[in-house]
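J.: My structure is below; once you've seen it, I'll send some questions.
Each reported figure results from applying straightforward, stated rules to the coordinates on display, with no laboratory input. The model shown is predicted, which means the values in this text are computed figures rather than measured ones. Cβ coordinates were reconstructed from backbone atoms using ideal geometry, including for glycine residues, and neighbour counts include every protein chain displayed.
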C-alpha cells in the first residue's frame, strides 16, 4: 500500500511539475515536488524505502528537467537514505523540525548535484545561488504543508473512527 501511495504521489507531482514547466519556464528552478515527496517518504524511517524512493524521484527529476541523466537520481538516493537514517535516530513530531528536515534535504540535494556536476561534467553550469535559496525555502514550505495536512487527516480519521455510531454486528 505504501508503494502505491508513493507512486500515486509521484504521478501527481509529475503532472504538476510538467504543467508548471509549461506555464512558467523558471518553475523547475524554484520548486522540486519530487524532492518533497522523497523526503516525506523517507521520514518514515525505512532506509531501503528512502533510498529506492529517492532514486526513483531523482530519476524522474532528471527525465523532466533534461539535464545530465543520473545527477538527481544519485542525489535523491543519498538524501533519501540520509533522511531515513535521521528519522530512525530523531523524533520528528513538531512542525518546525519537519520544516528543518525538508530544508536540509533540499540543501543537501543541491550540494550533491553541484558537486557531481563539477566533478563529472566538462563545462558545468553553476545555478544562481538565489534560485538555490528559493528551492530550499519552497521545498521546506511545501513539505511543512504536506506534513501538517497529513497530521490533520490522521486526526480526523481517528476522530471519525471513535465517533462512528454504526458498529458491525454478526448475528443477533
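J.: Could you grab the relative contact order for the chain? Cα pairs under 8 Å, six or more apart, rounded to a whole percent.
T.: Numbers: 207 pairs, mean separation 36.7, N = 172.
Over the chain, the number comes to 21 percent.
J.: Over the Cα atoms of segment 21-85, Rg to Rh with Kirkwood Rh, two decimal places?
T.: Values: Rg = 11.8 Å, Rh = 11.5 Å.
Rg/Rh for segment 21-85 comes to 1.02.
J.: Show me 67-78, 107-118 ranked by packing, highest mean number of other Cβ atoms within 10 Å first.
T.: On the way: 67-78: 20.4, 107-118: 18.2.
The packing order, highest mean first, is 67-78, 107-118.
J.: Put a dot 7 Å past each Cα toward the Cβ at residue 163 and residue 131; how far apart are the dots in nm?
T.: According to this spin-label approximation, the distance is 4.7 nm.
J.: On to the next question. Go ahead and run the numbers for FRET between residue 24 and residue 88, Cβ-Cβ distance against an R0 of 35 Å, rounding to 0.05.
T.: 0.40
J.: Would you calculate a helix-derived [θ] at 222 nm for the chain, using -39,500 (n - 2.57) for each DSSP H run of n ≥ 4 and dividing by the full residue count, to the nearest 500? Display every interim value, and only then the final one.
T.: Numbers: 7 runs with 135 residues, N = 172.
Only helices count here, giving -27000 deg cm²/dmol.
J.: Could you work out the equivalent-ellipsoid semi-axes for segment 71-153, taking the square root of 5 times each eigenvalue of the Cα gyration tensor, largest first, in whole Å? Don't jump to the answer; show the numbers that get you there.
T.: On the way: eigenvalues 143, 45, 15 Å².
Result for segment 71-153: semi-axes of 27, 15, 9 Å.
J.: Provide the gained length on full extension for the span residue 64 to residue 114, in nm with one decimal, where the gain is 0.36 nm per separating residue minus the Cα-Cα distance.
T.: Working: separation 50, 0.36 × 50 = 18.00 nm, distance 1.79 nm.
So the chain would gain 16.2 nm between residue 64 and residue 114.
J.: Further question: For segment 69-126 and segment 18-38, compute the distance between their C-alpha centroids and round to whole Å.
T.: 16 Å
J.: Between 152, 94, 161, where does the largest GNM mean-square fluctuation fall for the chain, given springs only between Cα atoms within less than 10 Å?
T.: 161
J.: Could you tell me which label, among (i) 18.2, 78; (ii) 20.3, 67; (iii) 19.9, 61, carries the value of Rg and Dmax of the Cα atoms in Å calculated for this structure?
T.: So the calculated entry is the one marked (i).
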